[in-house]
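The structure under discussion appears below in the form of structure tokens.
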Amino acid sequence: MVYDLGEHQRQCPHCQSELKPIGEEISERLEFVPASLHVIEEVCRKYACSKGCTVVTADKPMQPIEKGLPGPGLLAQVAVSKYGDHLPLYRQEEIFQRQGVELSRKTMCGWMGQCAELASPLVGLMKEQVLSSKAVQTDDTPVPVLDPELPRTRTGRIWTYVGDAQHPYTIYDYTADRSREGPDEFLKPFRGFLQADAYSGYDAIYQDPARGVIEVACWAHARRKFFEAQSSDLMRSTVMLAYIRLLYDVEREAHDRELDAGDRRALRQAKSRPILDDIHGYLETERPKVLPKSPEGQAMAYTLSNWEALGRYAGDGDLEIDNNGAERSLRGVAVGRKNWMFFGSDNGGRTAAVLTSLIATCKRLGIDPFAYLRDIFARVAAHPKNRLEELLPDRWKAARGPDTS
């Protein structure tokens, strides 16, 4: 927008001569243009033989939901709003009403289930990639689930599985409870390092030599226990927190120097290993002096019982010191849980797991999840199954170039 002086303002107030342009001042401001919905009318022309032999109708491209109302952009908007921005369907219903469109939450819920079914083969391929990682991080969080047979909600579970740098996908899995059958079934094909908390459900996986899964524990979990024990034993807890901080200082140095796996391992062997030896010696010396059931005693017992798994990261530069990558991947679920309150059923949990896997992986890769889902929903139904890997988020990003964020 250009603003100019009026004709009477272009005269010098002193000598009345005409003012000449000498430049311009440019400023910027942001304005908001509300989103809009469009009705797209699709016409398929029909042709008939003049002798009445046959009638032929032109085909139209396959739709994400066959004979359904929504286009891929609308489906992507609803999915990202709910599973990426944690906007419940009843709030989206109100937003669409303000735009003059009646879309019930029940209708949109059905759309999301159909989208999850459409994208399930792609997420299955992402799962295969994650389980091909050298190291996988995992964690879980509770989610309330409606049960028609109960007067209240029951507790389901969302599990996260974070692939390594060579397999940059984050996959979620829903189970109706926290039994070990969930991760046991999911991780059946996996061979490698599994980094998790000390949940006992993983023990059978680690202890079975045929599984080939090696436990890596999390120093953030150990640190949390000593932090919580400060109120009962400030001195010993402070010593342990200081030791653990030294371990993280080494990790920060490796990050700042952008070391590769080999150099990171060498740095850990030189600096972290002596600290670990000191920590172990301190715990062995002090443990007999504290009550076993005290917070400090329990923190020490936790650390020593998981000592081998806690120290394993120091011997391999590809491993992380903690499981924070998996914990961060569950923050969105925790935020969403405060908004949508509960899953309507186990099927709703599975739908959320599929669509959240796609959206979280897009965010991890710096991809706009709306742009990705809109394109995927438009293409996946007709895409050849033997070329499905072309639609994986990282390969989709590479094919489209750098401008996908």
(request) Quick one: which residues, 5 or more positions from Asn323 or on another chain, have an amide H under 5 Å from its amide H? H modelled 1.01 Å from N in the peptide plane, none for Pro or chain starts. (result) Trp219, Ala220, His221
(message) Give me, ordered by chain and number, the residues 5 or more places off Ile214 or on other chains with an amide H under 5 Å from its own placed amide H.
(response) Gly192, Phe193, Leu194
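Would you please name the GluC sites (Glu not before Pro) within the range 1-89 that are DSSP coil residues with at most 15 other C-beta atoms within 10 Å of their C-beta?
The qualifying sites are Glu24, Glu25, Glu28, Glu31, Glu41, Glu42, Glu66.
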(request) Give the label of the value calculated from the structure for Cα extents along the principal axes in Å, choosing from (1) 63, 59, 43; (2) 90, 88, 48; (3) 58, 56, 53. (result) (2)
(message) Which entries of Lys60/Lys363; Lys106/Lys397; Lys338/Lys363 have Cα-Cα distances beyond 30 Å here?
(response) Lys60/Lys363; Lys106/Lys397
(message) I'd like the antiparallel share, as a percent to the nearest 5, of DSSP beta bridges with both residues in the range 111-226.
(response) 70
(message) Give the residue list of chymotrypsin sites (Phe, Trp or Tyr not before Pro) in the range 193-236 that are DSSP loop and have at most 16 other beta-carbon atoms within 10 angstrom.
(response) Tyr199
(request) Scan the range 78-122 for GluC sites (Glu not before Pro) in coil per DSSP, keeping those whose Cβ has at most 16 other Cβ atoms within 10 Å, and list them by number. (result) Glu102
(message) Just to check I understand the Karplus step: with θ = phi - 60° and J = 6.51 cos²θ - 1.76 cosθ + 1.60, what whole-Hz values come out for the range 67-81, glycine and proline as x?
(response) 6, x, 6, x, x, x, x, 5, 4, 5, 4, 5, 5, 5, 4
(request) Check cross-link reach from Lys289 to the aspartates and glutamates: straight Cα distance under 17 Å, and skip same-chain residues fewer than eight apart. (result) Asp233
(request) Using label points projected 7 Å from each Cα along Cα→Cβ, tell me how many nm separate Lys134 and Arg180, to one decimal. (result) 2.8
(message) Suppose R0 equals 51 Å. What FRET efficiency, 1/(1 + (r/R0)^6) with r the Cβ-Cβ distance, do Asn339 and Arg287 give to the nearest 0.05?
(response) 0.70
(message) Quick check: the angle from helix 273-286's long axis to the longest principal axis of the chain, C-alpha only, nearest 10 degrees?
(response) 60
(request) Could you work out which residue, out of Asp197, Asp140, Asp184, moves most in a Gaussian network model of the chain, that is, has the largest mean-square fluctuation with Cα springs under 10 Å? (result) Asp184
(message) Using amide H atoms built in the peptide plane, which far-off residues or other-chain residues are under 5 Å from Asp139 H to H?
(response) Thr160
(message) How much of the DSSP bridge set in the chain is antiparallel, in percent, rounded to the nearest 5?
(response) 70
(request) Could you work out how far the C-alpha centroid of the range 1-53 sits from that of the range 106-155, in angstrom? (result) 45
(request) Just order 168-176, 123-131, 49-57 by mean Cβ neighbour count inside 10 Å, highest at the front, would you? (result) 168-176, 123-131, 49-57
(message) Please list 3J(HN,Hα) in residue order for the range 138-146, calculated via the Karplus relation 6.51 cos²θ - 1.76 cosθ + 1.60 where θ = phi - 60°; whole Hz, with x for glycine and proline.
(response) 9, 7, 8, 8, x, 9, x, 9, 5
(message) Need the list of aspartates and glutamates near Lys385 for cross-linking: C-alpha distance under 16 angstrom, and skip anything on the same chain fewer than eight residues off.
(response) Glu117, Glu128
(request) For the range 361-368, take each phi angle, set θ = phi - 60°, evaluate the Karplus expression 6.51 cos²θ - 1.76 cosθ + 1.60, and give the result in whole Hz per residue in order, putting x for glycine and proline. (result) 5, 4, 5, 4, 8, x, 9, 5
(request) Once you've got the GNM for the chain with C-alpha springs shorter than 10 Å, pick whichever of Ile95, Ile214, Ile26 has the biggest mean-square fluctuation. (result) Ile26
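None of the figures in this text is laboratory data; all of them are computed from the coordinates on show. Given the structure is predicted, the values throughout are model-derived calculations rather than measurements. Methodologically, a virtual Cβ is constructed for each residue, glycine included, from the backbone with ideal geometry; neighbour enumeration extends over all protein chains shown.
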